[in-house]
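Everything on this sheet refers to the single structure shown next.
The values are calculated or read from the model by the stated rules, or taken from the named source; none is laboratory data. Computed from a predicted structure; not experimentally measured. Because the Cβ atoms are built from the backbone with ideal geometry, glycine has one as well, and the counts that use them run over all protein chains shown. Ligands, DNA and RNA are stripped out before the accessible areas are found, and what is left, the full protein with its side chains, is counted by its heavy atoms. Shrake-Rupley method; radii C 1.70, N 1.55, O 1.52, S 1.80 Å.
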Amino acid sequence: MRNSISISALSEYVNEVKEFRAEGIAKYGVEVDWQTGTRAIAKALPMEIGPHIVSRDFQWVIDEPRQLLGTNQAPNPQEYLLSGVGACLMVAFTVGASMKEIQLESLKVTVSGELDLAGFLEVDSLAPVGFKNINYVIEVKSDAGRDELEMLRRKAQAHSPNAMTVMLGADVNGKLVIKD
């Protein structure tokens, strides 16, 4: 056990994925149900990891601040996106540290980004709609040296599915269903 991660279970799973690639395919889904105004409730759908179905009985509220026409009762979509990137970096850093037998005493990831809402509001056709950049800082206390921790930071970024999705992009495909 290192950083509350079972190294033997991690090693076993890595070997399983090496032997049976399908075991490493994870499929995720969420359902977002509009409530009123800018408020919605998101719910995790069952997840597939290889041939296994994993029940995910979680839901959370999404809202905007009053300045953006919401009721300021919950994080907004951008805060959830940034927290998803930060949490994924944290998991990748922790797993990487554990695999290298580095003990973490504390770890905090702070993520920020800036939007030009003129793009979203269609006020300026040249204004970008998305974040131009996302910045993060990892604060860590551990038994490892600076070079080893910097190598872990770079590896965490390179192996974070959320950071890589944001950095490299993903095809977004949609369809419309009209209900009677």
Discussion item. I'd like the orientation of helix 77-99 relative to the chain: the angle between its Cα long axis and the longest Cα principal axis, in ° from 0 to 90, rounded to 10.
Written reply: 0 degrees
Worksheet item: For the residue pair residue 54 and residue 135, what label-to-label distance in nm results when each label sits 7 Å from Cα along the Cα-to-beta-carbon direction?
Response: 3.3 nm
Practice prompt. Taking only the C-alpha atoms, wrap a convex hull around the chain and report its volume per residue in Å³ as a whole number.
Written response: 180 Å³
Worksheet item: By how many degrees, 0 to 90 and rounded to 10, does the Cα axis of helix 146-159 deviate from the longest principal axis of the chain?
Response: 50 degrees
Worksheet entry | Pairwise FRET efficiency - residue 79 versus residue 127, Cβ, R0 = 25 Å, nearest 0.05 | 0.75
Worksheet entry | Potential lengthening between residue 66 and residue 172 on full extension [0.36 nm per residue; Cα-Cα distance subtracted] | 35.3 nm
Item to complete: Loop sites only, by DSSP: take the trypsin sites (Lys or Arg not before Pro) in the chain that have at most 15 other C-beta atoms within 10 Å and name the longest stretch containing none of them.
Response: 1-55
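In the P(r) worked out for segment 100-180, what percent of Cα pairs fall beyond 17 Å?
65 percent
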Worksheet entry | segment 1-68: chymotrypsin sites (Phe, Trp or Tyr not before Pro) in DSSP coil with no more than 14 other Cβ atoms inside 10 Å | 20, 28, 58
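Taking the Cβ-Cβ separation of residue 112 and residue 147 as r and a Förster radius of 25 Å, what is the calculated FRET efficiency to the nearest 0.05?
Calculated value: 0.45.
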Worksheet item: Tell me, what % of the accessible area of segment 27-111 is carbon and sulfur with a 1.4 angstrom probe?
Response: 56 percent
Fill in: Reach of residue 179 by Cα under 21 Å, taken over lysines that are not fewer than 8 positions away in the same chain
43
Practice prompt. Starting from the alpha-carbon convex hull of segment 1-51, give the projected area averaged over all orientations, in nm².
Written response: 5.4 nm²
Worksheet item: What whole-number value in Å² describes the accessible area per residue of the chain for a 1.4 Å probe?
Response: 74 Å²
Worksheet item: In terms of Cα to Cα distance under 22 Å, which lysines are near enough to residue 141, apart from those fewer than 8 places away along the same chain?
Response: 100, 108, 155
